[in-house]
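The values are calculated or read from the model by the stated rules, or taken from the named source; none is laboratory data. What you are looking at is a predicted structure, and each value in this text was computed from that prediction instead of being measured. Cβ coordinates were reconstructed from backbone atoms using ideal geometry, including for glycine residues, and neighbour counts include every protein chain displayed. To get the accessible areas, we keep the full protein, side chains included, count just its heavy atoms, and leave off ligands, DNA and RNA. Shrake-Rupley method; radii C 1.70, N 1.55, O 1.52, S 1.80 Å.
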Amino acid sequence: MIFAKYVFLFLLFILIFVVVRSVLHVAIRQRKARFRLHYVKTSAFGNRFSEYLGNRSRLFKHMKEMMESVELGMSMQAMLTVSMILFFAGLLAGVLLFQSLKGVLVLTLISVSLPYMLLRLKLVSIRLQTRLEFLPAVEVFYQYYMVDPHKNIKMALKYCLEEHRILYPIKPVFEQLYRNLMTQRDTEESLRIFSLTLGHTWGDYFIGIMRVALTEGSYVGDSFKELIVDMRKAQRSDQLERNRLLEIRIANFTPILFLALFLTINFKVNTDNAYLYYVVDPIGRNMLLDALLLIFVSFIMGIYLSMRRM
């Protein structure tokens, strides 16, 4: 009897698995077929809502440009969905773990801000990697610009990228600028995304020269030469500034390491007392909440200082 019962349960599980798999396969195939139609895709609520926010909200537009500048493989709708999930997750965790208004507000704020903070950290990382490579890239671009008989910015950018004269890690940044300029995208928006990725004063000067050349068609060889001379003079100070940015990034993660080390030692020494104090006792939970809040504030300050140092 027991064997027959197990056989019946096994066959029932196989039947349910086959049915669910077939239903999911049909549903996914129908969904793909529906979204091949352009009018269905453009009339979707998510797209219409995204377009509405893109036209009305400066924060939404800023987030979209920042996602594009770091080349994040995620749509804005997916980012909004993740943010909403984290919002409700933080709200639920605050209610279940801390059972106080302070705990709910702190965990909800940290959770909903997490995607933006990770975007900022990724952007700072890209800026650190490309900071020292910007001067060689500008020098190569200047050479191709001067060699080109028509002094065309787009053609000079095309040739130096095709011949692999601009090297990684800054090459993807210039490739993105070239793609945006060649796809008839708004010139100002393309330059703004490029400037956002670089994030330093020299990049802003370079963008200003590019803007004049692209919009007015003027010869800007002398301006590029002056920029390169000034950047060579300031190269040593740029290296020192990059070292300071690395120090700021290291300081960002030290509070988390110290908190993890502190909790690990306490739980290793006396697991029962540590559990009672940090999990059961409201005072201990409030101390952990204060620690999380301070770590969150330190992250924000570290990101802010990194942006100001650029």
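Does S100 satisfy the criteria of being touching a helix residue (DSSP H, G or I) at 6+ places or on another chain (Cβ under 9 Å) and under 19 Å from P282 (Cβ atoms)?
Considered against the rule, which asks whether it is touching a helix residue (DSSP H, G or I) at 6+ places or on another chain (Cβ under 9 Å) and under 19 Å from P282 (Cβ atoms), S100 comes out as yes.
In this structure, does L257 turn out to be open to solvent by less than 80 Å² (accessible area, probe 1.4 Å) and at pLDDT below 85?
no
Pull out all pairs, ordered by first then second residue, where Cβ-Cβ is under 6 Å, the residues are six or more apart or on different chains, the first lies in segment 62-76 and is within 20 Å of E175 (Cβ to Cβ) and open to solvent by less than 60 Å² (accessible area, probe 1.4 Å), and the second is of a type in the set (S, T, Y) and in a helix (DSSP H, G or I).
S69/T197
Please verify whether segment 174-184 includes one or more residues that are among the β-branched types (V, I, T), closer than 16 Å to L214 by Cβ and out of contact with any strand residue (DSSP E or B) (no Cβ under 8 Å at 6 or more places or on another chain).
Yes; the residues of segment 174-184 include at least one that is among the β-branched types (V, I, T), closer than 16 Å to L214 by Cβ and out of contact with any strand residue (DSSP E or B) (no Cβ under 8 Å at 6 or more places or on another chain).
Return the residue satisfying two criteria in turn: it lies in segment 157-206 and is assigned to a helix (DSSP H, G or I) and among the polar types (S, T, N, Q), and of such residues it is most open to solvent (accessible area, probe 1.4 Å).
For segment 157-206, the residue satisfying everything is T201.
Output the residues belonging to segment 207-218 that are modelled with pLDDT under 90 and either within 23 Å of the chain's Cα centre (by Cα) or assigned to a loop (DSSP other than H, G, I, E, B) (or both).
Within segment 207-218, G217, S218 qualify.
Can you report the number of residues in segment 88-114 which are in contact with a Ser or Thr (Cβ under 9 Å, 6 or more places away or on another chain), farther than 17 Å from M63 by Cα and either buried (at least 16 other Cβ atoms within 10 Å of the Cβ) or not small (G, A, S) (or both)?
5
Hey, P149 hits all of (1) over 26 Å from D230 (Cβ atoms); (2) buried (at least 18 other Cβ atoms within 10 Å of the Cβ) but one; which does it fall short on?
Tallying (1) over 26 Å from D230 (Cβ atoms); (2) buried (at least 18 other Cβ atoms within 10 Å of the Cβ), P149 fails exactly one: (2).
Is it the case that segment 299-310 has a residue that's hydroxyl-bearing (S, T, Y), modelled with pLDDT of 80 or more and in a helix (DSSP H, G or I)?
No - not one qualifying residue is present in segment 299-310.
Pick out the one residue from L105, L114, L123 that is in a helix (DSSP H, G or I), of a type outside the set (S, T, Y) and over 13 Å from the mean Cα position of the chain (by Cα).
L105
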